[in-house]
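These notes concern the structure reproduced below.
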Amino acid sequence: MINKYVTTMAVTRFLFGLINFIGVFFMLRYNTPEQALRVNGIIGSIGPFVFLFVSMVGLAGMAGKISTQKMILLIAGIILIWLGTKN
């Protein structure tokens, strides 16, 4: 049986990968460094939100299976990763 949380996480990552792949074609179509940087910036700004969403879905799936202390540590780790990679 497929877990709904894992399915949501996988589909979200797949869709984001598809967005990245489509971005490649836009970069090649526009064929200028300025436009390629714009496309890259748009895709790059979406990435952290995808990371947070997928992480929160995973935490929701683990909510009843781990202790509160471990849940807090996981959330703190996710926040630190997000803050550490912010521009």
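The values are calculated or read from the model by the stated rules, or taken from the named source; none is laboratory data. Predicted model, so just to flag it, every value in this text is computed and none were measured. Every residue, glycine among them, receives a Cβ derived from its backbone with ideal geometry; neighbour counts consider all protein chains shown.
Scan the stretch 42-61 for residues that are closer than 29 Å to residue 76 by Cβ and either of a type in the set (Ser, Thr, Tyr) or free of Cβ contacts under 8 Å to residues at least 40 places away in the same chain (or both) and report the count.
Residues in the stretch 42-61 being closer than 29 Å to residue 76 by Cβ and either of a type in the set (Ser, Thr, Tyr) or free of Cβ contacts under 8 Å to residues at least 40 places away in the same chain (or both): 13 in total.
Quick check on this structure: which one of 32, 8 is β-branched (Val, Ile, Thr) and under 25 Å from residue 61 (Cβ atoms)?
8
Scan 21, 26 and give me the residue that is assigned to a helix (DSSP H, G or I), surrounded by fewer than 14 Cβ atoms within 10 Å (Cβ to Cβ) and of a type in the set (Phe, Trp, Tyr).
Residue meeting the stated conditions: 21.
Which members of the stretch 63-87 meet the condition of being touching a residue at least 24 places away in the same chain (Cβ under 8 Å) and not hydroxyl-bearing (Ser, Thr, Tyr)?
Those that are touching a residue at least 24 places away in the same chain (Cβ under 8 Å) and not hydroxyl-bearing (Ser, Thr, Tyr): 78, 81, 82, 86.
Take residue 50 and decide whether it is more than 22 Å from residue 80 (Cα to Cα) and touching a Phe, Trp or Tyr at 6+ places or on another chain (Cβ under 8 Å).
Considered against the rule, which asks whether it is more than 22 Å from residue 80 (Cα to Cα) and touching a Phe, Trp or Tyr at 6+ places or on another chain (Cβ under 8 Å), residue 50 comes out as no.
Can you confirm whether the stretch 63-79 contains a residue that is outside any helix (DSSP H, G or I) and among the aliphatic types (A, V, I, L, M)?
Yes, the stretch 63-79 contains a residue that is outside any helix (DSSP H, G or I) and among the aliphatic types (A, V, I, L, M).
Could you list, in sequence order, the residues of the stretch 29-72 that are modelled with pLDDT under 95, loosely packed, with under 11 Cβ neighbours inside 10 Å and among the hydroxyl-bearing types (Ser, Thr, Tyr)?
Answer for the stretch 29-72, where residues must be modelled with pLDDT under 95, loosely packed, with under 11 Cβ neighbours inside 10 Å and among the hydroxyl-bearing types (Ser, Thr, Tyr): 45, 67, 68.
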